[in-house]
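The values are calculated or read from the model by the stated rules, or taken from the named source; none is laboratory data. Treat the numbers as computed from the prediction; the structure is a model and nothing was measured. As a convention, Cβ positions derive from the backbone with ideal geometry for all residues, glycine included, and neighbour counts pool all protein chains shown. Note: accessible area is taken over every heavy atom of the protein model, side chains too, but ligands, DNA and RNA are not part of it. Shrake-Rupley method; radii C 1.70, N 1.55, O 1.52, S 1.80 Å.
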Amino acid sequence: MYKLRYLLTTLFILFISTVKATTWDEPWHDKVVKEAESFVLAKVVSSDKDKGVTISILKQLGGKELTGTILISKFYALSLCSYSTGEGPEFHFEHIDSCYFFIKKNEKDEYCIATPTAGYAAINNGIVSATYRHSYHQARVTLPIYQQTMTAIFNNYHGLPYDKSFINDFINKYLALKPAGFDKEELPIFFNQHVALECIYHLNLTGFYDKIIPFLNEEVNFHSQVSAARALAASNTPQSRTLLLNILRNKKINDFVKVISIWTLQSYEAKDLKPQFQQLEQTASTEENGFGGNIMDPRICTHFPTVKQALDELIAKAK
């Protein structure tokens, strides 16, 4: 299944090299939030695919204050891989009534969102289509949960205080439950557990190691494993290092989770583990790796390394 997905991705990349298309390397949510200057809830007044989206600010949630009606007409984190004249990056908010936006002004004093597919979270029937990790991996959560958790993440990245009591209670509540699956009844819990784990990552929280481990061990749930591996970034302990190394040795775990585990090990600056990294690199997977998805998706060129490439980078930095 994975091989087929990456084969199709490769074929599409070859396709866009001969046929004009506009594609971009989609940023992770960390970058989107860190580079934004304002976080707001707004009503979509009008949308033009080329000119931009006009919004009316409903609520200021973080950063520089915005009021009234503004036009968002550009992008602040758009890294194009290919460009088709007359078919550039577009705004598509025609069917969205209210939406959360991460906004920044560029050097020309124009309001921007990150990319055509990142830097906002649309609301539909009281549910937010929310990005906590990457726009390819979204969660559906209620407005109160989104507002409180994302405001905390925004404020933390901008050196501002946040409601730690709410965050701790939220994490403890949902990570005390067994890892949820994708059944209709369990899906709301799954999404909230995703949010809880990603909050640990973004807020760099310690003290949740024991609660994270069941999710890292949930081998049938790819998304829980990814979030758990990210959440361990604040737990630079011998136990965490051993656990992540075992992930890399486990042939049953897919390559995406392994790369995330490598990135967490890289954040530890664990130079003493370099011999083990080198040993793992000798037999590391070289299969194409990434988000997959629709091969016609303009985010198709989003970079994601193979396990071997990630290990090579880790080894190079472990000097």
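Those residues that are assigned to a helix (DSSP H, G or I), open to solvent by 10 Å² or more (accessible area, probe 1.4 Å), over 22 Å from Phe291 (Cα atoms) and of a type in the set (Ser, Thr, Tyr), I need them from the range 190-248; list them, please.
The answer is Tyr209, Thr242.
Can you name the condition, by its number, that Gly86 falls short on among (1) modelled with pLDDT of 95 or more; (2) outside any strand (DSSP E or B)?
Every listed condition holds for Gly86 apart from (1).
Of all residues in the range 125-145, which are more than 20 Å from Gly293 (Cα to Cα) and either open to solvent by less than 10 Å² (accessible area, probe 1.4 Å) or at pLDDT 95 or above (or both)?
In the first step, residues of the range 125-145 are kept if they are more than 20 Å from Gly293 (Cα to Cα); the result is 125-128, 141-145.
Once the filter is applied, which keeps residues that are more than 20 Å from Gly293 (Cα to Cα) and either open to solvent by less than 10 Å² (accessible area, probe 1.4 Å) or at pLDDT 95 or above (or both), the range 125-145 yields Ile127, Val128, Val141, Thr142, Leu143, Pro144, Ile145.
Using the structure shown, decide if Ile189 is under 16 Å from Leu265 (Cβ atoms), free of Cβ contacts under 8 Å to residues at least 40 places away in the same chain and either touching an Asp or Glu at 6+ places or on another chain (Cβ under 6 Å) or of a type in the set (Val, Ile, Thr) (or both).
On the way: under 16 Å from Leu265 (Cβ atoms): no; free of Cβ contacts under 8 Å to residues at least 40 places away in the same chain: yes; either touching an Asp or Glu at 6+ places or on another chain (Cβ under 6 Å) or of a type in the set (Val, Ile, Thr) (or both): yes.
When the stated conditions are applied, Ile189 does not pass them.
Which of the residues belonging to the range 278-312 are under 27 Å from Thr117 (Cα atoms), β-branched (Val, Ile, Thr) and open to solvent by 40 Å² or more (accessible area, probe 1.4 Å)?
Ile295
Condition check: at pLDDT 95 or above, surrounded by 14 or more Cβ atoms within 10 Å (Cβ to Cβ) and over 21 Å from Asn221 (Cβ atoms). Does Phe256 satisfy that?
Numbers: at pLDDT 95 or above: yes; surrounded by 14 or more Cβ atoms within 10 Å (Cβ to Cβ): yes; over 21 Å from Asn221 (Cβ atoms): no.
Criteria not met by Phe256.
Does any residue of the range 99-117 turn out to be surrounded by fewer than 21 Cβ atoms within 10 Å (Cβ to Cβ), among the hydrophobic types (A, V, I, L, M, F, W, C) and either touching a strand residue (DSSP E or B) at 6+ places or on another chain (Cβ under 9 Å) or over 25 Å from Val226 (Cα atoms) (or both)?
Within the range 99-117, not a single residue is surrounded by fewer than 21 Cβ atoms within 10 Å (Cβ to Cβ), among the hydrophobic types (A, V, I, L, M, F, W, C) and either touching a strand residue (DSSP E or B) at 6+ places or on another chain (Cβ under 9 Å) or over 25 Å from Val226 (Cα atoms) (or both).
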